[in-house]
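Notes for the one structure printed next.
None of the figures in this text is laboratory data; all of them are computed from the coordinates on show. From a predicted model like this one, the values you see are computed outputs, not experimental measurements. Cβ sites come from the backbone with ideal geometry, for glycine too, and all protein chains shown count toward neighbours.
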2 protein chains.
Amino acid sequence: MARAVPTNPRKSASQKRSQVTVEALLDATARVLTKVGYDRASTNRIAATAGVSVGSLYQYFPNKEALVAALVARHNREMLALLSDALKEVASLDLATAIAKLVRAAVDAHRVDPALHRVFDEQVPRMGQLAKIEALQGETYRLVKSYLEKRRNEISVRDLDSATSILVTTVEALTHQFVIHRPEAPDRDRDRFIDEVTRLVVGYLMPVRR
Amino acid sequence: MARAVPTNPRKSASQKRSQVTVEALLDATARVLTKVGYDRASTNRIAATAGVSVGSLYQYFPNKEALVAALVARHNREMLALLSDALKEVASLDLATAIAKLVRAAVDAHRVDPALHRVFDEQVPRMGQLAKIEALQGETYRLVKSYLEKRRNEISVRDLDSATSILVTTVEALTHQFVIHRPEAPDRDRDRFIDEVTRLVVGYLMPVRR
DNA sequence: TATATTTGCGAGCTATCACTCGCATTGTCT
DNA sequence: AGACAATGCGAGTGATAGCTCGCAAATATA
């Protein structure tokens, strides 16, 4: 319980065996987090779930926070890859269609493991090591902004930076809210939701002189 | 540390003296939370900060979670009152102006105690007792929806319910993000931000045939 | 004033947590 | 095979957390 001082990384796994251990620990962390929540997810419990000793856990992660941070980082990298793919698939479409597809991609991405997503959102404290992880969110920002830049002539906003940050925040919040509060929503409702978000975004990016 | 079973409320304060104690505890909770964060905010620490014994704390709050829940509830009631006032002040304005004023009110509300707000947002786990608190958020939803209903003829959205939920989520997320990431933003930037959010919202509620 | 009730106290109990360390096992290199 | 390094182990340690309980002080009631 006593963890006042910030911690440094440990040795990184070099042999295959240890890499398996690390993966097992991350997987176990995800399972334990979704099963019992952040507070009750102790390092002992996670190690046991992973079929690994606590000692091994601390060989690769200096503390619980670093462990969770690594899991979040892995998760974020996956999400980022999905976004990147979606942006490529959408490169040649007109903006309105593209936005619709992107929003759908966001919703689908969040539906992969909603329980884990929910824990990240509702329980994992975003501080310390975890705060650094948000820097990885900056990559999302960059990807979206560079996409908007390519479509600059179809878009009429004062400032691409604020537009990007507004869009990323908005779509993320709405997607979270939808997936968390209506995890079993039928396809029709999901389509409706995507439609509404698309209208919101397109209306913002391509306003019509009134 | 051992708190497996959910807990019931304790006796509520009847004499003035005890009400003072309860208030002191809530105030201390806010101070401790913003100072050391959720994890390190122990009940002993909170009681000491309040100038009250742990025993007294547990006379009114069955556990730490209930204590924090009570604080969040108090905070939410204050926020709700601000929203309610803002809606009244805006009743007779045209929609676009009204939205702008409402967004400004939201930003101002979050600027009252940004540190506390941040703790609520980033650290306080939204589960158990805290989940019930979100039901109080339903009141926000109801207020906004009834406002939109009064303006139904100026608005063109398919469904007022989804529109309400989208607007509440969006404005809240954007406001949070702005206040947390730019707590010291100059007035000009704040005005800009309010402008953008207003454009986003108005563009959604009053789309122009394209 | 005498009695009953409410409120306040805080040392201390138990549970649990994060984390260590000396030793055993497995893998690599020559 | 032999030597050295990498990895795995898990009982044990110290610290701290949440929470209780017996008693004292303050307030209400008669």
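Net charge within 12 Å of B:GLN137 by Cβ-Cβ distance, Lys/Arg positive one each and Asp/Glu negative one each, not counting B:GLN137 itself?
Summing Lys and Arg as +1 and Asp and Glu as -1 gives +1.
Mind checking which of B:ASN44, B:ALA73, B:LEU205 is farthest towards the positive end of the range B:16-205's charge dipole, using Cβ charges of +1 (Lys, Arg) and -1 (Asp, Glu) about the Cα centre?
Positive-most Cα among the choices belongs to B:ASN44.
Could you state the angle between the C-alpha long axis of helix B:16-36 and the longest principal axis of the C-alpha atoms of chain B, as a value from 0 to 90 degrees rounded to the nearest 10?
70
Note the distances from A:ASP195 to each other copy's matching label point, with points 7 Å along the Cα-to-beta-carbon direction, in nm, sorted shortest first.
3.4
Please work out the FRET efficiency for the pair A:ASP108 and B:ALA48, using the Cβ-Cβ distance as r and a Förster radius of 41 Å; give the result to the nearest 0.05.
My answer for the efficiency is 0.25.
Using unit Cβ charges (K, R positive; D, E negative) and no other charged atoms, how large, in debye to the nearest 20, is the dipole of chain A about its Cα centre?
Here chain A has a charge dipole of around 480 debye.
In peptide B:36-46, what is the residue-averaged number of other protein chain Cβ atoms found within 10 Å of each Cβ?
Mean partner-chain Cβ count within 10 Å for B:36-46: 2.
In nm, what does the list of distances from A:GLU139 to its counterparts in the other copies look like, shortest first, when each label sits 7 Å along Cα to Cβ?
Relative to the other copies, A:GLU139 has label-point distances of 4.3 nm.
Which whole-number percentage describes the relative contact order of chain A, with Cα contacts under 8 Å and a sequence gap of 6 or more?
Dividing the mean separation by the residue count of chain A yields 21 percent.
Which log10 I(q)/I(0) values, to two decimals, does chain B give at q = 0.09 Å⁻¹ under the Debye formula with one point per Cα?
-0.44
Which angle between 0 and 90 degrees, to the nearest 10, do you get for helix A:187-205 versus the longest principal axis of chain A when only C-alpha atoms count?
Here the helix axis deviates by roughly 70 degrees.
What whole number of Å gives the distance from the Cα centroid of the range A:50-65 to the Cα centroid of the range A:108-164?
30
Hey, with R₀ at 30 Å, roughly what FRET efficiency would A:TYR58 and B:LYS35 work out to, going by the Cβ-Cβ distance, to 0.05?
The computed FRET efficiency comes out at 0.55.
Would you compute the Debye intensity of the protein assembly as shown from its alpha-carbon atoms alone, equal scatterers and no solvent, and pass along log10 I(q)/I(0) at q = 0.08 Å⁻¹ to two decimals?
Debye output, listed in q order: -0.51.
Can you give the calculated 222 nm mean residue ellipticity of chain B, where each DSSP H run of n ≥ 4 adds -39,500 (n - 2.57) and the sum is split over every residue, rounded to the nearest 500 deg cm²/dmol?
Taking each H run of at least 4 residues, the total per residue is -24000 deg cm²/dmol.
Between A:THR97 and B:ALA185, with labels modelled 7 Å along Cα→Cβ, what's the label distance in nm to one decimal, could you check?
So the two model labels end up 3.5 nm from each other.
Applying the Karplus parametrisation 6.51 cos²θ - 1.76 cosθ + 1.60 with θ = phi - 60° to the phi angles of the range B:160-171, what ³J(HN,Hα) value in whole Hz is obtained for each residue in order, glycine and proline being reported as x?
Karplus-based 3J(HN,Hα) across the range B:160-171 equals 5, 5, 5, 4, 4, 5, 5, 5, 4, 4, 5, 5 Hz.
Peptides B:181-189, B:26-34: what's the order by average Cβ count within 10 Å, highest mean first?
Order by mean packing, descending: B:26-34, B:181-189.
What list of ³J(HN,Hα) couplings, whole Hz, do you get for the range A:40-50 from phi and the Karplus terms 6.51, -1.76, 1.60, once you set θ to phi - 60° and write x for glycine and proline?
After applying 6.51 cos²θ - 1.76 cosθ + 1.60, I find 8, 8, 8, 5, 4, 4, 5, 4, 4, 4, 7 Hz.
Could you give the angle, 0 to 90 degrees to the nearest 10, between helix B:129-150's Cα long axis and the longest principal axis of the Cα atoms of chain B?
With both axes taken from Cα atoms, the answer is about 20 degrees.
Place a +1 charge on the Cβ of each Lys and Arg in the protein assembly as shown and a -1 charge on the Cβ of each Asp and Glu, then give the dipole magnitude about the Cα centre in debye, rounded to the nearest 20.
In debye, rounded to 20, the protein assembly as shown gives about 760.
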